[in-house]
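A.B. asks: Sending over a structure as structure tokens; questions will come in a sec.
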Amino acid sequence: MRDNEGFPSSIFRFLIATIFIAAMTAASSRGQSNPGPPDLSALDSILQSAVEHDEISGAVLLVEHRGKIVYEKAAGMRALMPSREAMTTDTIFDIASLTKVVATAPSVMKLVEEGKLRLDDPVSRYLPDFTSNGKDQITIRMLLTHISGLAPDPPLDAARSGKSAIYAEINQEELAAPPGMRFIYSDTGFIVLGELIEKISGVGLNEYARRNIFEPLHMQETRFLPPADWNPRIAPTEEIDLPAGGKPGSGQGHVLRGTVHDPTARAMGGVAGNAGVFSTALDLAKFCVMVLSGGRVLGADGGRILSEASIQKMTSPQSPPWIPAIRGLGWDIDSQYSSPRGEFFSVGSFGHTGFTGTSIWIDPESETFVILLTNSVHPYRRPAISSLRSKVATAAAAALHIGGTQEESSKSERSSHAARPYDLAGIFAASDHTKTGIDVLEDEQFAPLRGKRIGLITNQTGVDANGRRTIDLLAHAEGVQLAAILSPEHGLAGQADERVPSATDAATGLPVFSLYGETRRPTDEMLKSLDALVFDVQDAGVRFYTYTTTMAYAMEEAAKRHIAFFVLDRPDPLDGVSIEGPILDRDKLSFTGYFSMPVRYAMTPGELAQMFNAENKIGADLHVIPMKDWHRADRFEATGLTWIPPSPNLRSLNAALLYPGIEILQAGGISVGRGTDTPFEVFGAPWIEPVAMADALNRRFIPGVRFVPTRFTPAAGLYAGQLCGGISVVITDRASLNSMLMGLEIAAMLHKMYPANFQLEKTNELLGSSATIERLKRGDAPSRIVLDWAPELDAFRKMREKYLLYH
């Protein structure tokens, strides 16, 4: 049964990840307490009101803050029928989907730690029957993060037939979405995880969880299949098996008590990966303490349930960047189910809910957790208690001054400065108008260049905030002698789409040496008598865009001649956070791939120059004039700068965002819209049937885009003058679009539908990853390929950190 509660929120995943790391560090020193007892009396009235308005029949609420239980009370009735019983704090609840985070996910992670599973292994490696209809592409991580594409629930007919029938039906059913492409909260996926645990461990999930989690934590009142002598303290749930026309609560049916409420788990004998655990608030508090303590068991016994690394992975963002819902491994972080966070708990907090009316929310930053246990389905189902959960969390946080006191604020500030790679202002507020390197240089009255004879590498993008050319500014700057101009691909005006000859600048009379003509490196003639080279060109933020290679080649030549090199920095127009692979194979370095880095690297030209200089040991006398008021999260539209197309076909910000994924297709025999009014926003070929292609791509649920069939005749470029069956790419959500995932999805579909026409191998000219091409040929899902890039992208991310100039 799905846990369909909560409201969506809009916190960005990259913020959550860094705050979580800082928060877990802060949580390591548990045991402190606030001066004076907090006033949590507001919680009494919230619970009482919920009972009076029949939102719940009763509840137990426990709040712990910094190692001390500050609130533990029962409200309302444990049972309404067949007789009324008052709720007590030691009531045992069917915790429903809390089973996922209390039993199933930690059991999976225990097996991972033992080396018996890998998170990115396909499930079919361990369950050979789990392969049909694309399920061979589902990994264990996808199940834990609810992105497997499995349906929310197994078919009811299977649920009536027992455990083996449920497994068989899951193995054969169609996927609701391609693996890795959509967040679909799925009990089905956790049922499969339960089967996986049983297969690998050799014992049932109930026994494995008892041995490895519940008993070591002394959770003596937590288990699947509670014994009959627990029944007097168990909160009953729904009345079922009513006669035709019978009303729930009438006493004509059977009230579930000590038997799991979830019908699928019930059909499986009471033990399933999605539901089945019964527990108390105090036992769940022991589990929460373990999580806050990084997997340790506190107390005389000591020991560990899980490693600190496992806890961090479980409770920090593990969803792909194109999925709006942010989940850990099992845990919810920021999704439509996050109502138990309330208004004040930090964006690094996490939790889960259960359909019967249960929830946990843990905030490591303030060392607080809230456990709310109700039986809101007794004796009949009520509307979701999302509002109640949110009110409880908000009131608890307010009473504990979380997010409000000077102490909490300074603590948050300390941890965020320690861990965040960027400034929140760039995320939550409109950016100030960014000053690029040339604007900053003007403010400094060109002091760094005074007394120098310089050469300037630039094009039409080299202008200041007032639209004045960097050429003209340097030509008239006091104490600066501009002696030569050098232009990259597309020439000084940025309009040429072929080799560019050298020329003369009409305004200054200076020579304009082409670095995309007879040579791609500055020569002795170009650099004669220069004291410095200055680079001022707007980059596209994409590895195979050649301006950064031109910069690197110029740095190399300047270093050989002991000429200083200045970079007037400009933004990465795609943002300074989003990194998309693959990493360029080292044997494919070229003019369209100077450095072994991802396709999208999220770095400015100045940062790249620092990285190239150090990592390639260029030895340039490098000086970066950094921007002001640019934040890593800023895309170009947040800078206040004027968009000047950096090349003839990169005409719009939409085209710039689509470019990394669309451009790779051209080498495979696809027009990418060159010679049309919308390059990189359409693609096609004479042999493509556009309706069939668009339908096939739209069925893939590729995040952030939709595909519309069209026809076009390019005036230039590939298939010039020929009518092409084409696809218009419509961006529906810029934030969730992953251009490289989109590009691989299109390439895979072209390879599948038109294998005789589309030359997949040739796309590697720009993609630069032979392993990726081989996996596409093998039929691996693009989403899985992209997810498997994570380790090498993480290594690149770590390497690049020391060269970053902006937060």
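The values are calculated or read from the model by the stated rules, or taken from the named source; none is laboratory data. Just so it is clear, the structure is predicted and the values come from calculations on it, not from any experiment. Using ideal geometry, Cβ is built from the backbone for each residue, glycine included, and neighbour counts are taken over all protein chains shown. Note: accessible area is taken over every heavy atom of the protein model, side chains too, but ligands, DNA and RNA are not part of it. Shrake-Rupley method; radii C 1.70, N 1.55, O 1.52, S 1.80 Å.
A.B. asks: Residues that are touching a residue at least 12 places away in the same chain (Cβ under 8 Å), of a type in the set (Lys, Arg) and over 28 Å from Glu85 (Cα atoms): does the stretch 212-224 have at least one?
C.D. replies: No - not one qualifying residue is present in the stretch 212-224.
A.B. asks: Quick one: what pairs do we get from the stretch 735-752, first residue at pLDDT 95 or above and hydroxyl-bearing (Ser, Thr, Tyr), second open to solvent by 10 Å² or more (accessible area, probe 1.4 Å) and assigned to a helix (DSSP H, G or I), C-beta under 8 Å, 6+ apart or different chains?
C.D. replies: Correct list of pairs: Ser739/Tyr659.
A.B. asks: Additional query: For the stretch 755-782, give me each residue that is in a loop (DSSP other than H, G, I, E, B), within 25 Å of Gly149 (Cβ to Cβ) and not hydrophobic (A, V, I, L, M, F, W, C).
C.D. replies: Pro755, Ser769, Gly779, Asp780 - these are the residues of the stretch 755-782 that are in a loop (DSSP other than H, G, I, E, B), within 25 Å of Gly149 (Cβ to Cβ) and not hydrophobic (A, V, I, L, M, F, W, C).
A.B. asks: From the list Ile147, Ile166, pick out the single residue that is in a helix (DSSP H, G or I), touching a Pro at 6+ places or on another chain (Cβ under 8 Å), open to solvent by less than 10 Å² (accessible area, probe 1.4 Å) and not acidic (Asp, Glu).
C.D. replies: On inspection, the qualifying residue turns out to be Ile166.
A.B. asks: Scan the stretch 111-126 and tell me whether some residue there is closer than 30 Å to Asn698 by Cβ, out of contact with any helix residue (DSSP H, G or I) (no Cβ under 8 Å at 6 or more places or on another chain) and not β-branched (Val, Ile, Thr).
C.D. replies: Within the stretch 111-126, none of the residues are closer than 30 Å to Asn698 by Cβ, out of contact with any helix residue (DSSP H, G or I) (no Cβ under 8 Å at 6 or more places or on another chain) and not β-branched (Val, Ile, Thr).
A.B. asks: Could you count how many residues in the stretch 203-249 are surrounded by fewer than 18 Cβ atoms within 10 Å (Cβ to Cβ), of a type in the set (S, T, N, Q) and not in a loop (DSSP other than H, G, I, E, B)?
C.D. replies: Adding up the residues that qualify gives 1.
A.B. asks: I would also like to ask the following. Can Ile583 be described as closer than 30 Å to Pro791 by Cβ and either touching a residue at least 12 places away in the same chain (Cβ under 8 Å) or charged (D, E, K, R) (or both)?
C.D. replies: For Ile583, the condition - closer than 30 Å to Pro791 by Cβ and either touching a residue at least 12 places away in the same chain (Cβ under 8 Å) or charged (D, E, K, R) (or both) - is met.
A.B. asks: Which is modelled with pLDDT of 95 or more, within 16 Å of Ile670 (Cα to Cα), of a type in the set (A, V, I, L, M) and within 28 Å of the chain's Cα centre (by Cα), of Ala694, Ala715?
C.D. replies: Matching residue, one of Ala694, Ala715: Ala694.
A.B. asks: Here is a further query. Just one of Gly58, Gly67 is open to solvent by 30 Å² or more (accessible area, probe 1.4 Å), modelled with pLDDT of 95 or more, within 18 Å of Ile360 (Cα to Cα) and not polar (S, T, N, Q); which is it?
C.D. replies: Gly67
A.B. asks: Additional query: Does any residue of the stretch 431-446 turn out to be within 19 Å of Leu492 (Cα to Cα), of a type in the set (A, V, I, L, M), part of a strand (DSSP E or B) and modelled with pLDDT of 95 or more?
C.D. replies: no
A.B. asks: I want to confirm something. Restricting to the stretch 128-144 and keeping residues that are outside any helix (DSSP H, G or I) and touching a helix residue (DSSP H, G or I) at 6+ places or on another chain (Cβ under 6 Å), which single residue is farthest from Val786 (Cα to Cα)?
C.D. replies: First pass over the stretch 128-144, keeping only residues outside any helix (DSSP H, G or I): 128-131, 138-139.
Still in the running and touching a helix residue (DSSP H, G or I) at 6+ places or on another chain (Cβ under 6 Å): 129-131, 138.
Numbers: Asp129: 25, Phe130: 22, Thr131: 20, Ile138: 13 Å.
The extreme case among them is Asp129.
A.B. asks: Being open to solvent by less than 10 Å² (accessible area, probe 1.4 Å) and outside any loop (DSSP other than H, G, I, E, B) is the filter here; which residues of the stretch 591-619 pass it? Walk me through it before giving the result.
C.D. replies: Pass one, the stretch 591-619, residues open to solvent by less than 10 Å² (accessible area, probe 1.4 Å): 593, 597-609, 611-612.
Result: Gly593, Arg600, Pro605, Gly606, Glu607, Leu608, Ala609, Met611, Phe612.
Residue-by-condition table, conditions (1) assigned to a strand (DSSP E or B); (2) in contact with an Asp or Glu (Cβ under 6 Å, 6 or more places away or on another chain); (3) open to solvent by less than 10 Å² (accessible area, probe 1.4 Å); (4) at pLDDT 95 or above:
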{"residue": "Ile457", "(1), (2), (3), (4)": "yes, no, yes, yes"}
{"residue": "Leu482", "(1), (2), (3), (4)": "yes, no, no, yes"}
{"residue": "Ile485", "(1), (2), (3), (4)": "yes, yes, yes, yes"}
{"residue": "Glu489", "(1), (2), (3), (4)": "no, no, no, yes"}
{"residue": "Asp497", "(1), (2), (3), (4)": "no, no, no, no"}
{"residue": "Pro501", "(1), (2), (3), (4)": "no, no, no, yes"}
{"residue": "Gly509", "(1), (2), (3), (4)": "no, no, no, yes"}
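A.B. asks: I would also like to ask the following. Out of (1) open to solvent by less than 50 Å² (accessible area, probe 1.4 Å); (2) part of a loop (DSSP other than H, G, I, E, B), what's the single condition that is false for Gln252?
C.D. replies: Of everything listed in (1) open to solvent by less than 50 Å² (accessible area, probe 1.4 Å); (2) part of a loop (DSSP other than H, G, I, E, B), Gln252 misses just condition (1).
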